[in-house]
Amino acid sequence: MIKKIQVQQLKVGMHVSDFNAGWLNHPFVLNSMKIDNDEQIQKVLANGIKELFIDTARGLDVGDAPTGKEAAEQTKRQLESLAETAKPKMPERQVSLAEEMSRAKNTFTEATKVIRGVMDDIRLGRQIEIGASKAIVEKITSSVMRNGNAMQSMRRLKHLDDYTFLHSVSVCTMLTSFSKAVGLDVATTHDVALGALLHDIGKMRVNLSVLNKPAKLSDEEFLHMKSHVVLGSDLLRQMSGVPKIAFEPLEMHHERFDGSGYPNGLAGMEISQVGRMSAIVDVYDAITSDRCYHDPMSPADGIRKLFEWSKFHFDPELVQIFVKSIGIYPVGTLVRLESGRLGIVIEQRESNLLTPVVRVVFDAKRNYYVTPDDVDLSRPMGAGGADKIVGHESPGKWKIDIPRFMK
């Protein structure tokens, strides 16, 4: 049986089934292993892990610990309760999703080219110009203000080989929407978005064999990887015309609320608001993206993990705002409806996080594709609605290609 325990309950003889941390955030080669000695426990403690999962069929038990299923149900109830407490604070939409999709796709593609050019220049030692980055950030911000769902959907079109560049654009897009949700003005949002677009430029000074390694990094390699924050800060300071607040996404996106992050081990309010926001967005995009060393979580599972980790690693209040801004079932999530149909969330509704617009594409009862049909779950019977989300599904299980239906 899988159970969730506090790290203080970990003992020699237990079998860890999941360290409940990002691939690079624990010191072991495997994410599942038997605990054989106290030294291993000390390594877990030293790496900031607070909760983890054990397999009681393969090791010692903790009698009163919740099962993995019970823990997941509790998180689901908490998120649904959050959805009911307040309406999501989203940018007011100026155009429909259909109207914005073409512009969003062009903007996302252009932004990827811009950040690729910046990073190529850094890699080749050329002088870095900030003008193109500022111009594309203005386009991203404008698109988010018109209808943020369009740019959010572009995240699902990412390709594995372009991760470093597309991650930068995705973080920029989400942090732009997040900035609006917390009430930052447009000028400040532009500056924050610029920092988000450039937040990983230091990786161009990291050895390519480490940056692209398709396996667990050694301790020495991980230290080298972590240097990308300081290296990026130095690069950004060499560029003219960079606003002060634009440094915060770059310099603080790996800091953690409990002080377990890097490079400075800042904790709580020592991390700026934008820094705390950047940490949330960076981790969410990383864990929901296809990487050479791990499969992506679904957007809904990514939200649940962030919510669980917010007890320790992230600002809980900001995580709640982030969840309200992108939904319990974010754009791109494959969901199962009460009717037995499967659909992809394509747009959030401000009225209720649990009633987004879903593009129905598959009949799970009969196991066949159906003609895509957009269903607004906030509408009643006879008005295009009258269905309900009962959970989310794995696209791989049903062999559904999410990007195919989001263009």
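How do the peptides 368-378, 345-355 rank, highest first, by the average count of neighbouring beta carbon atoms within 10 Å per residue?
Ranking the peptides 368-378, 345-355 by packing returns 345-355, 368-378.
Can you give the local net charge around Asp363? Use residues other than it whose beta-carbon is closer than 12 angstrom to its beta-carbon, Lys and Arg +1, Asp and Glu -1. Working shown, then result.
On the way: positive: Arg336, Arg341, Lys365, Arg366; negative: Asp373.
In short, +3.
Over all directions, the average projected area of the alpha-carbon convex hull for segment 4-154 comes to how many nm²? Don't skip to the answer; put the middle values down first.
Details: hull surface 57.0 nm².
Averaged projected area of segment 4-154's Cα convex hull equals 14.3 nm².
Mind jotting down the three principal axis lengths of segment 1-82 based on Cα atoms? Whole angstrom, largest first.
That gives 40, 27, 19 Å along the principal axes, largest extent first.
Within 12 Å, Cβ to Cβ, of Arg304, how many net charges do the neighbouring residues add up to if Lys/Arg are +1 and Asp/Glu are -1?
That works out to -1.
Work out, in µm²/s and without decimals, the Stokes-Einstein translational diffusion coefficient of the chain at 10 °C, 1.306 mPa s, Rh from Kirkwood over C-alpha pairs.
My calculation gives 72 µm²/s for D.
Semi-axes of the equivalent ellipsoid of segment 97-326: what are they in whole Å, largest first, if each equals the square root of 5 times a C-alpha gyration tensor eigenvalue?
Details: eigenvalues 105, 93, 68 Å².
Calculated on Cα positions only, the semi-axes equal 23, 22, 18 Å.
Determine, from the Cβ-Cβ distance of Ser209 and Glu84 and an R0 of 51 Å, the FRET efficiency 1/(1 + (r/R0)^6), rounded to the nearest 0.05.
0.55
With only alpha-carbon pairs counted, each pair once and no self-pairs, how large is the Kirkwood hydrodynamic radius of segment 337-381 in angstroms? Walk me through the numbers on the way to the answer.
Values: mean 1/r = 0.0924 Å⁻¹.
So the Kirkwood estimate lands at 10.8 Å.
Give me Tyr284, Tyr163, Tyr262 sorted ascending by neighbouring Cβ count inside 10 Å, so fewest comes first.
On the way: Tyr284 26, Tyr163 18, Tyr262 14.
Least crowded to most crowded, the residues run Tyr262, Tyr163, Tyr284.
Please work out how many pairs of lysine residues in segment 6-132 are eight or more positions apart (or on different chains) and have Cα atoms closer than 18 angstrom. Please list the in-between numbers first.
Details: Lys11/Lys34; Lys11/Lys43; Lys11/Lys50; Lys34/Lys43; Lys34/Lys50; Lys76/Lys87; Lys105/Lys113.
Lysine pairs meeting the criterion: 7.
For Lys3, what charge total do you get from the other residues with a beta carbon under 12 Å from its beta carbon, if Lys and Arg give +1 and Asp and Glu give -1?
With Lys, Arg at +1 and Asp, Glu at -1, the neighbours total -3.
Going toward the positive end of the dipole of the chain, with +1 on Lys and Arg Cβ and -1 on Asp and Glu Cβ, which of Gly275, Ile245, Ala286 do you reach last?
Of the listed residues, the answer is Ala286.
Each reported figure results from applying straightforward, stated rules to the coordinates on display, with no laboratory input. All of these numbers come straight from a predicted model, not from anything done at the bench. Cβ sites come from the backbone with ideal geometry, for glycine too, and all protein chains shown count toward neighbours.
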